[in-house]
Amino acid sequence: MKRLQVGVIGIGFIGRQQLEAIQRIAYAEVVAIADQNFEAARELAAQFGIPACYRTGEELIADPNVEVVHNCTPNALHYSLNKLAILSGKHVYSEKPLAIRGEHAAELVTLAREHDVANGVNFNYRQNIALLEMRERVRTGAAGRVFHVYGQYLQDWLASENNYDWRVDPEMGGPSRALADIGSHCFDSAQFVMGQRIKRVYARLITAYDTRIKSGSQETFALGSAEGERVRVTNEDAGFVLAEFEDGTPASFFISQVCNGRKNDQRIQISAQEYCMEWCQERAGEIQIGYQNRGNEVVLTGTNGMISDYARGRASLPSGHAEGWAYPHKYAISCFYDSIRDGSYRQNNLVYTKFFDGGQIMKIVDACLLSQQENRWVEIDLSEP
Ligand code: SOE
């Protein structure tokens, strides 16, 4: 069978990670990359043996060999390139957020449906086998009634005032930063495990620095330098969010990019009647199970893990061979490709996040901003565009 011909736009941190993940999928082939830093793109194309290299996303989308477009550009470019790719009849896998403005996200959902192209947003964490197992235990009722849900996502790469990247600039990143950038993953993971959506939120947001020093390489996770221009900060560094799922289950989330010592500490905890389950991204192959009247346990995921067929069937490595961050990333992309190959991308509730689900996550983030502004609970519109 012919391999899927893929193009990647943007080769910053996430673009390179996606490129590597795609290279590990046997039935796909990267045939083009594009980046405004053309020299860097050319070097990377040579290293990976990628035949075509472009300066702009527009040129890559116009390449007739490209069937699937990965949009790994900064947030401000997501909408226009996603739209162009759809109108050109290409399948699109977009970095989150799907767009910066809600009405743009809704338009993309409609356009993708009308043009019959597969559409996914890169919420890679939900592909952790541990989260699949937790989802299954909620779905089958094995965990019992869920009392409450807790999610956290803590990082420290913006903890100094001289840490800066394009996400701090609202023109490039959008009005929300910590919640849109990493809180969104937590919302997606929690909704995925619960098998239902968040319907209302109340948020208190924190901005640690009114100004930051725009310095150094300005790349995600780069170390800052003391020299540079001082710029105003308008988006949040952290936030507390109270939430409620469709069935009334209460949840809380704690999100921060200024939490010293925490690197990529995302956790999802489900407190249920039978036990409490917790997944921690930095210990990806484990689920911590807590009991009231017996010793707690650690369930290991893997192809021979003591977990459900549903979750085990999606693992690649035996227990103890940590799948870490890269495998779920590969799973996220490969299940998107699978849906192109068998046509199932037209269905809803797939294992990956479709544009519609990505748009819902944006609504949650927007609702948090409004809640902060008006100091009240905000309802989320769950209807489809
Ligand atoms: C930066 O906070 C970042 O790269 C996010 O943008 C990603 O979505 C997350 O997976 C890791 O951290």
Does residue 98 satisfy being over 30 Å from residue 228 (Cβ atoms), modelled with pLDDT of 95 or more, in contact with a strand residue (DSSP E or B) (Cβ under 6 Å, 6 or more places away or on another chain) and within 16 Å of the ligand (Cβ to nearest atom)?
yes
Can you run down the residue pairs with Cβ atoms below 7 Å, 6 or more apart or on separate chains, where the first is in region 114-125 and within 16 Å of the ligand (Cβ to nearest atom) and the partner is among the aromatic types (Phe, Trp, Tyr) and part of a helix (DSSP H, G or I)?
120/336; 121/355
Pick out, from region 282-377, the helices (runs of 4 or more DSSP H) lying fully within it that include 2 or more residues that are closer than 28 Å to residue 202 by Cβ.
355-374
Which numbered condition trips up residue 49, out of (1) touching a residue at least 12 places away in the same chain (Cβ under 8 Å); (2) surrounded by fewer than 23 Cβ atoms within 10 Å (Cβ to Cβ)?
(1)
Quickly run through region 215-252 and pick out the residues that are surrounded by fewer than 19 Cβ atoms within 10 Å (Cβ to Cβ), among the charged types (D, E, K, R) and in contact with a helix residue (DSSP H, G or I) (Cβ under 8 Å, 6 or more places away or on another chain).
219
Is it the case that some residue within region 127-137 is within 16 Å of the ligand (Cβ to nearest atom), out of contact with any helix residue (DSSP H, G or I) (no Cβ under 9 Å at 6 or more places or on another chain) and not acidic (Asp, Glu)?
no
Filter region 142-198 down to the residues that are in a helix (DSSP H, G or I) and of a type in the set (Asp, Glu), then identify the one that is farthest from the ligand (Cβ to nearest atom).
171
Any residue in region 288-301 that is among the polar types (S, T, N, Q), out of contact with any Leu (no Cβ under 8 Å at 6 or more places or on another chain) and within 30 Å of residue 114 (Cβ to Cβ)?
no
All positions within region 203-231 that are of a type in the set (Ser, Thr, Tyr), within 21 Å of residue 97 (Cβ to Cβ) and over 20 Å from the mean Cα position of the chain (by Cα)
207
Is one or more of the residues making up region 86-108 buried (at least 24 other Cβ atoms within 10 Å of the Cβ), of a type in the set (Gly, Ala, Ser) and more than 12 Å from residue 8 (Cα to Cα)?
yes
The one condition residue 284 fails out of (1) surrounded by 19 or more Cβ atoms within 10 Å (Cβ to Cβ); (2) more than 16 Å from the ligand (Cβ to nearest atom); (3) at pLDDT below 95 is (2)
Residue, modelled with the lowest pLDDT, within region 293-352, restricted to residues that are closer than 26 Å to residue 3 by Cα and of a type in the set (Phe, Trp, Tyr)
325
Check on residue 269, in contact with a Cys (Cβ under 7 Å, 6 or more places away or on another chain), more than 16 Å from the ligand (Cβ to nearest atom) and either more than 27 Å from residue 119 (Cβ to Cβ) or in a helix (DSSP H, G or I) (or both):
yes
Name, by its number, the condition in (1) within 16 Å of the ligand (Cβ to nearest atom); (2) surrounded by 15 or more Cβ atoms within 10 Å (Cβ to Cβ); (3) among the hydrophobic types (A, V, I, L, M, F, W, C); (4) in a loop (DSSP other than H, G, I, E, B) that does not hold for residue 255.
(4)
Among the residues of region 326-349, are any surrounded by fewer than 16 Cβ atoms within 10 Å (Cβ to Cβ), within 16 Å of the ligand (Cβ to nearest atom) and under 19 Å from residue 133 (Cα atoms)?
yes
Return the residue satisfying two criteria in turn: it lies in region 52-85 and is within 17 Å of the chain's Cα centre (by Cα) and either on the phi > 0 side of the Ramachandran plot or in a helix (DSSP H, G or I) (or both), and of such residues it is surrounded by the most Cβ atoms within 10 Å (Cβ to Cβ).
82
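The values are calculated or read from the model by the stated rules, or taken from the named source; none is laboratory data. Just so it is clear, the model here is predicted, and its values are computed rather than measured. Heads up, the Cβs are rebuilt from the backbone with ideal geometry, glycines too, and the neighbour counts pull from every protein chain shown.
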